[in-house]
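Here's the structure we're looking at; comments come further down.
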Amino acid sequence: MATLVLDNGAYSAKIGFSQEKVRVIPNCQFRSKTSRLKTFTANQLDEIKDPSGLFYILPFQKGYLVNWDVQRKVWDHLFGKEMFKVDFTDTSVIITEPYFNFSSIQESMNEILFEEYQFQSVLRTNAGSLSAHHFFSSRPSELCCLLVDGGFSFTHIIPYCRSKKMKEGIRRVNVGGKLLTNHLKEIISYRQLHVMDETHVINQVKEDVCYVSQQFFKDMEISQMKGEENTVVRDYVLPDFSSIKKGFCKPREEMVFSGKYKTGEQILRLANERFAVPEMLFHPSDIGIQEMGIPEAIVHSIQSLPEEMHAHFFQNIVLTGGNILFPGFRERLEAELRALAPAHLPVSVLLPDNPICYPWEGGKLLADSPDYEEIVVTREDFEENGHFICEEKFDI
Amino acid sequence: MVLEKKSSARVEADSRRRVLDEATRQRRLSRQLEALEKDNFQDDPLSSLPPPGPTARLPTFSETEEPEKKKRKTRGDHFKQRFRKNFTTLLEEENLSDRAEPNYLSAEALPSSLPPRLFCCVCGFPSHYTCTTCGGRYCSSKCLLTHRETRCLKWTL
């Protein structure tokens, strides 16, 4: 029997058979201005020639699956003949859900996977549990790890002691990739160019130019300087989707510091925006979200756990998810944690090679492990015992 | 002779200015934060068009297929009814305030113990001054002017 691993994120699905490679695919539908009658699903995004003013239809709200119509259309597409050609009569699925997923969503999930799609067996789990499995299989001598899962909707801090999730230590900071993109969109629209409709383009801008500052107020000073001295400022060439397919940063030597460009491209000038936007992860209160930043929340989480574990957690902090990919994130987090943690405890923050697919890789390892058959719920089990058996076996 | 007391022009101007109370300021802030949660700013480009597919009034002629079709349809409707709930409804249905911790609500990070950092709401640089009307921050008289024209009492983008 084949096993399909699906890390079902609020913005992108990481999907693939355990014997094959992973693919990262948008977990949503799109509508475009140019072909108005069509709705594009998941990776059909690539067919849209002009994705300006792209309209998103997302199955998730605040990180929880609520729009099942959309989710089923995306899954139909992913499982169907255009993509993974899943043979449901001979397939087991590992699927991820958010921490503290609502029980009604969990029940809907059971029904759709077993009754609608008719998978032979199912393992519903958290992305963090798969990451933890990945971490402990590559470092069998470690006892604990603390995951920082930076996603589209929020950032979670989850301590694991071996395969056990320490629920009392889970912390959620309500800052995710969506909020950062929307904030960048808002400040650019206010300060220079109206881009409120261009979520897709500005998300790319964010990924291309934003970084986490190591000395926040020093960078603020630099970004206020004029001319060549301002080493922070960048000019970003916006795509027009005819001659420029993808936006990019002007190389430093081609930048014009005073006056206009003669090339006629549309330019965004970004200075403090570059690092003030990811700064929300460290100080959500900067825009009025009354929550701790990630470093403070990590310390708060660890302090809520038994003291003899503290040393292990501070030494094994693992970053996963797409929202921690900002350059400088790991260094800044380590530096801030060093300042907050007790002086005698070593602090180490690990950035895996591919943080987005780290949980998926964990799922792959789990699917091939000998006791996989024991942790799943089979379709016969479900037909006989219903939701109860899933509640028993899955720790969401 | 009693000298008439000279009043300060600045004090007078201040007393004429409207000042937003704390509740309004909080409301504005939560509206801004809600806007940051939106998936799209623009309207659905399809919303103005009729739904795709044949219109409902068209009579169907294939009698043999009808019973089966009908059955499937009611099932789909049932599904939609059950699964069409938004986040707030689902959260309420969970009754989390009655449930044992840890849960979704208790997992939220607490307010920071660090003092807030203040930034100019126009240019984003560190700010030293507060707008007396709306409580927004600004860093220079230039930014204050922009702020008054664009965002102080109204909200333009």
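Before moving on, here are some points about what is shown:
- Of all residues making up region A:188-205, the number that are over 15 Å from residue A:273 (Cα atoms), touching a helix residue (DSSP H, G or I) at 6+ places or on another chain (Cβ under 7 Å) and assigned to a helix (DSSP H, G or I): 1
- Count of residues meeting criterion [among the small types (Gly, Ala, Ser) and at the interface with chain A (Cβ under 7 Å from one of its Cβ atoms)] in region B:90-108: 1
- Qualifying residue in region A:213-220 (condition: more than 22 Å from residue B:37 (Cα to Cα), aliphatic (A, V, I, L, M), out of contact with any His (no Cβ under 8 Å at 6 or more places or on another chain) and in a helix (DSSP H, G or I)): yes
- Members of region B:127-157 that are surrounded by fewer than 18 Cβ atoms within 10 Å (Cβ to Cβ), within 11 Å of chain A (Cβ to nearest Cβ) and in a helix (DSSP H, G or I): B:150
- In region A:168-178, residue nearest to the other protein chains (Cβ to nearest Cβ) [restricted to those that are touching a helix residue (DSSP H, G or I) at 6+ places or on another chain (Cβ under 7 Å) and part of a helix (DSSP H, G or I)]: A:169
- Check on residue A:81, in contact (Cβ under 8 Å) with a residue 40 or more places away in the chain, more than 9 Å from chain B (Cβ to nearest Cβ) and surrounded by fewer than 22 Cβ atoms within 10 Å (Cβ to Cβ): no
- Among residues of region A:234-282 being in contact with a helix residue (DSSP H, G or I) (Cβ under 9 Å, 6 or more places away or on another chain) and of a type in the set (Asp, Glu), the one that is surrounded by the fewest Cβ atoms within 10 Å (Cβ to Cβ) is A:235.
- Region A:1-26 residues that are closer than 13 Å to residue A:363 by Cα, paired with ones that are of a type in the set (Phe, Trp, Tyr) and buried (at least 22 other Cβ atoms within 10 Å of the Cβ) (beta carbon under 6 Å, 6 or more apart): A:5/A:360; A:7/A:360; A:14/A:360; A:22/A:360
- Checking the stated criteria, residue A:296 turns out to be surrounded by 17 or more Cβ atoms within 10 Å (Cβ to Cβ), assigned to a helix (DSSP H, G or I), at the interface with chain B (Cβ under 10 Å from one of its Cβ atoms) and not hydroxyl-bearing (Ser, Thr, Tyr).
- Note on region A:178-194: residues that are in contact (Cβ under 8 Å) with a residue 60 or more places away in the chain and of a type outside the set (D, E, K, R) amount to 8.
- Residue in region A:353-362 that is assigned to a helix (DSSP H, G or I), small (Gly, Ala, Ser) and under 22 Å from the mean Cα position of the chain (by Cα) present: yes
- Exactly one residue out of A:363, A:321, A:386 is under 21 Å from residue A:106 (Cα atoms) and buried (at least 21 other Cβ atoms within 10 Å of the Cβ): that is A:363.
- Reported count of residues in region A:206-233, each being facing chain B (nearest Cβ under 9 Å) and either in contact with a helix residue (DSSP H, G or I) (Cβ under 6 Å, 6 or more places away or on another chain) or among the aromatic types (Phe, Trp, Tyr) (or both), is 2.
- Of the criteria (1) at pLDDT below 95; (2) surrounded by fewer than 18 Cβ atoms within 10 Å (Cβ to Cβ), which one residue A:342 fails: (1)
- Any chance residue A:317 is of a type in the set (Val, Ile, Thr), in contact (Cβ under 8 Å) with a residue 40 or more places away in the chain and in contact with a Leu (Cβ under 7 Å, 6 or more places away or on another chain): yes
- Hey, residue A:55 buried (at least 22 other Cβ atoms within 10 Å of the Cβ) and either in contact with a helix residue (DSSP H, G or I) (Cβ under 9 Å, 6 or more places away or on another chain) or touching a residue at least 12 places away in the same chain (Cβ under 8 Å) (or both) or not: yes
- The listed residues are A:114, A:135, A:154, and the only one of them that is under 26 Å from residue A:171 (Cβ atoms), modelled with pLDDT of 95 or more and in contact with a helix residue (DSSP H, G or I) (Cβ under 8 Å, 6 or more places away or on another chain) turns out to be A:135.
- At least 3 residues being under 22 Å from the mean Cα position of the chain (by Cα) and under 22 Å from residue A:325 (Cβ atoms) is the threshold, and among the strands (runs of 3 or more DSSP E) wholly inside region A:61-163 those reaching it are A:144-150, A:155-161.
The values are calculated or read from the model by the stated rules, or taken from the named source; none is laboratory data. This one's a predicted model, so the numbers in the text were calculated from it and none came from an experiment. Reconstructed Cβ throughout: ideal geometry from the backbone, glycine too, with neighbour counts over all protein chains shown.
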